[in-house]
Amino acid sequence: MLGFGTLTSCSEKLELTNPNDPTTGSFGNTADDLEDAVIACYHHTRMEGTYARVGYTLECCRGDEVWNVAQSWLHLAADNLNVSIDAGDFGWIWRDWYYVVNICNFVVTKCGGDNTALSDKMKRIKGQALFIRGLAYYNLANFYQNPAIILDYNSYSTLEGLYAANHEEGVTDPTVQYDLVLDQVESDFATAMELLPTKDLGGEWAKGRATKGAAAGFYARALMQRHKYSEALAVLKEIIAGTYGKYELMKNYGDNFREGSAYENNAESLYEVQFLDYGSQGSDDEWTPVNISKNASQGHALEANFAPAHVGSWQDLAAAPWLYFLFKNGERTKDGKLDPRLYWTIGTYEDDWETYSDGLGNMCYTEKMADDGSVVVSATNKGLPVAKYTNFRTGLYSSVVTGLKCGINIRIMRYSDVLLRAAECENEVHKGPTDDAIKWVNMVRSRANLADLNKDDFDFDKFFEQIANVERPKEFGCEAGRCYDLIRWGFFYDDDRLQQLKEHGAYKLGADIKEEIIYGAAGVASTFDKYAKGHEYFPIYQNYMNINSNLVGNSANLNSDNSEYFKKKGWTVHPVVDLSK
């Protein structure tokens, strides 16, 4: 009894912290913790609203190379550039990129502000978080124009920090915030360049993580978005020179659109989003960031959007007829064949593919195609299937399992983009093509076995036209990012360029998929017919502004014209040039 009383009289109690239930107070105080947190930063870039589906496909629709053949669901409003302010589905991109921002802010804040005091491991950790945060804000700015800037994880502890404003006090012009966001994007990428190693370090840094070269490539992209061509050119030249690691074009263009260790994270890739290969995935589709499953499939759904109807796709997105005929009626290779990039971009039967050795010939998944136009997206409206980021040409399986199941890594920046951007910058800086600019374009063309361009055949505006409406569409056709270019080129702010976009976006429901479509002909419409000023951006979802009264609308919410911003910057739109003359 005495012993029992002695034991029960003790006032001190043992307190234990459950290591399996970390909090923001107990987690993130070691490099190992932050390494785990960085993995979460990467993970959230492959969600529904980032790169796993609509974040990618809606950007494709905003351009002039993909259209909504189903004429339904949210892709249609994106395609027509007339999204409603109460369309909640278009808030998924905002939602998911802010998940990315929040996790990156946790890592960056935990790393502290003095980069010189960081170990090499901590520099790499912070550099990755800054790169991914820069990527998030780069996309938010180019989708929504004036997103709120949140940089300090500690700010989430107050309502003012949690419900951040997207404008300075008394300033509601969305273009002011656009500049502030891109200032931050440039800063994040520039600092990431300083902190990250090059891909030449090898190991995990050459296989999927952000590197110095990735940060440099996106830094140049961000600079070009506001016509800082001299600064961007300097960075691009350093990439070409190998300053940030060795990059080169793959001999086979198709190697950029296959899954597997033999193809992914290859010598051409500056940065790609990682997805698990076929046969190694989990069973649970993880559509939203809050549905964290230990058995997540960790694939993407682009294939379910792009593939032909008869193999089980959702039958909603097709390649623009304009892009197909740019290949079909355009220049041939040195041996008189079709440009091989068509094979990997659009899934059509062509006589040239019967003996095509780089793929499986006229194959659609595991079936032999017939020259009867039967392979279409949507049996009702008909459309040309997109082959990129699908297994259309690889023969890996016979049908699409809809959902987040495709395992092909999405290469969001390739070395060919560096070369073509460097050529564009050189042309802008020198007001005409230089020997270097011609050389860089010819490097990309050479892989497709096309004849070299001759500098004497081009002036300032004609060379721009060649890059903007021939070289880039053929190299990057049906990949996301085209609308970002259309915005920075000012194509929405010039009547002739807008007319050109209408011609590019022309389609005819139910037409033979190899019927050339002429804008203005009977039964022909265009994805740009319903474009309203300011709607080159998606509106900020009205419910988000109802929840956060510190947010103001962008040009799409206000139906305001952004051409004045473009003019005030002193930027000009290149006139349309007829390249056939």
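Note down all Cβ pairs under 8 Å where the first residue falls in the stretch 403-422 and is within 15 Å of Ala222 (Cβ to Cβ), the second is in a strand (DSSP E or B) and among the hydrophobic types (A, V, I, L, M, F, W, C), and they're at least six residues apart or on different chains.
Ile412/Val273; Met413/Leu270; Asp417/Leu270; Val418/Leu270
Please work out if Lys237 is under 22 Å from Arg447 (Cβ atoms), open to solvent by 20 Å² or more (accessible area, probe 1.4 Å) and either in a helix (DSSP H, G or I) or at pLDDT below 95 (or both).
yes
Exactly one of these conditions fails for Tyr144: (1) more than 19 Å from the chain's Cα centre (by Cα); (2) of a type outside the set (D, E, K, R); (3) open to solvent by less than 30 Å² (accessible area, probe 1.4 Å). Give me its number.
Among (1) more than 19 Å from the chain's Cα centre (by Cα); (2) of a type outside the set (D, E, K, R); (3) open to solvent by less than 30 Å² (accessible area, probe 1.4 Å), Tyr144 violates only (1).
Look at the stretch 509-523 and say how many of its residues are within 19 Å of Asn80 (Cβ to Cβ) and in contact (Cβ under 8 Å) with a residue 24 or more places away in the chain.
Summing the residues that are within 19 Å of Asn80 (Cβ to Cβ) and in contact (Cβ under 8 Å) with a residue 24 or more places away in the chain in the stretch 509-523 gives 4.
Within the stretch 202-213, can one find any residue that is within 27 Å of Leu486 (Cβ to Cβ) and either hydroxyl-bearing (Ser, Thr, Tyr) or in a helix (DSSP H, G or I) (or both)? It would help to see each step written out before you state the result.
First pass over the stretch 202-213, keeping only residues within 27 Å of Leu486 (Cβ to Cβ): 210, 213.
Still in the running and either hydroxyl-bearing (Ser, Thr, Tyr) or in a helix (DSSP H, G or I) (or both): 213.
Looking through the stretch 202-213, at least one residue is within 27 Å of Leu486 (Cβ to Cβ) and either hydroxyl-bearing (Ser, Thr, Tyr) or in a helix (DSSP H, G or I) (or both).
Look through the stretch 366-398, keep the residues that are under 25 Å from Lys251 (Cβ atoms) and either aromatic (Phe, Trp, Tyr) or open to solvent by 70 Å² or more (accessible area, probe 1.4 Å) (or both), and return whichever of them is farthest from the chain's Cα centre (by Cα).
The selected residue is Leu396.
Check Val429 against each of (1) free of Cβ contacts under 8 Å to residues at least 40 places away in the same chain; (2) assigned to a helix (DSSP H, G or I); (3) open to solvent by 10 Å² or more (accessible area, probe 1.4 Å); (4) farther than 16 Å from Ala241 by Cα and name the one condition it does not meet.
It fails just one condition, (1).
In this structure, does Gln281 turn out to be in a loop (DSSP other than H, G, I, E, B), open to solvent by less than 50 Å² (accessible area, probe 1.4 Å) and touching a residue at least 60 places away in the same chain (Cβ under 8 Å)?
yes
Run Ala511 past the list (1) modelled with pLDDT under 95; (2) open to solvent by 20 Å² or more (accessible area, probe 1.4 Å) and report the number of the one that doesn't hold.
The failed condition is (2).
List every residue pair whose Cβ atoms sit under 6 Å apart, with the two residues 6 or more apart in sequence or on different chains, where the first one lies in the stretch 158-185 and is over 24 Å from Leu130 (Cα atoms) and the second, anywhere, is modelled with pLDDT of 95 or more and outside any loop (DSSP other than H, G, I, E, B).
What qualifies is Pro174/Ser555.
Out of (1) assigned to a helix (DSSP H, G or I); (2) open to solvent by less than 40 Å² (accessible area, probe 1.4 Å), what's the single condition that is false for Glu479?
It is condition (1) that Glu479 fails.
Considering each residue of the stretch 361-393, count those that are touching a strand residue (DSSP E or B) at 6+ places or on another chain (Cβ under 9 Å), assigned to a loop (DSSP other than H, G, I, E, B) and among the aliphatic types (A, V, I, L, M), and give that number.
So the answer is 5.
In this structure, does Glu564 turn out to be of a type in the set (Asp, Glu), open to solvent by 20 Å² or more (accessible area, probe 1.4 Å), assigned to a helix (DSSP H, G or I) and farther than 26 Å from Ser72 by Cα?
yes
I'd like to verify a number: residues in the stretch 343-365 that are crowded, with 19+ Cβ neighbours inside 10 Å and on the phi > 0 side of the Ramachandran plot, how many?
Summing the residues that are crowded, with 19+ Cβ neighbours inside 10 Å and on the phi > 0 side of the Ramachandran plot in the stretch 343-365 gives 1.
Just one of the numbered conditions (1) open to solvent by 30 Å² or more (accessible area, probe 1.4 Å); (2) aliphatic (A, V, I, L, M); (3) touching a helix residue (DSSP H, G or I) at 6+ places or on another chain (Cβ under 8 Å) is not true of Ala214; which one?
Single failed check for Ala214: (1).
Considering only the stretch 347-360, how many residues are free of Cβ contacts under 8 Å to residues at least 60 places away in the same chain and assigned to a loop (DSSP other than H, G, I, E, B)?
Just the residues of the stretch 347-360 that are free of Cβ contacts under 8 Å to residues at least 60 places away in the same chain, to begin with: 347, 349-357, 360.
Those left that are additionally assigned to a loop (DSSP other than H, G, I, E, B): 347, 349-350, 356-357, 360.
Within the stretch 347-360, residues that are free of Cβ contacts under 8 Å to residues at least 60 places away in the same chain and assigned to a loop (DSSP other than H, G, I, E, B) number 6.
Quick one: in the stretch 541-554, which of the residues that are within 21 Å of Leu81 (Cα to Cα) and out of contact with any Pro (no Cβ under 8 Å at 6 or more places or on another chain) is least open to solvent (accessible area, probe 1.4 Å)?
Checking each candidate, the answer is Met545.
The values are calculated or read from the model by the stated rules, or taken from the named source; none is laboratory data. Given the structure is predicted, the values throughout are model-derived calculations rather than measurements. Because the Cβ atoms are built from the backbone with ideal geometry, glycine has one as well, and the counts that use them run over all protein chains shown. What goes into the accessible areas is simple: the full protein's heavy atoms, side chains included, and nothing from ligands, DNA or RNA. Shrake-Rupley method; radii C 1.70, N 1.55, O 1.52, S 1.80 Å.
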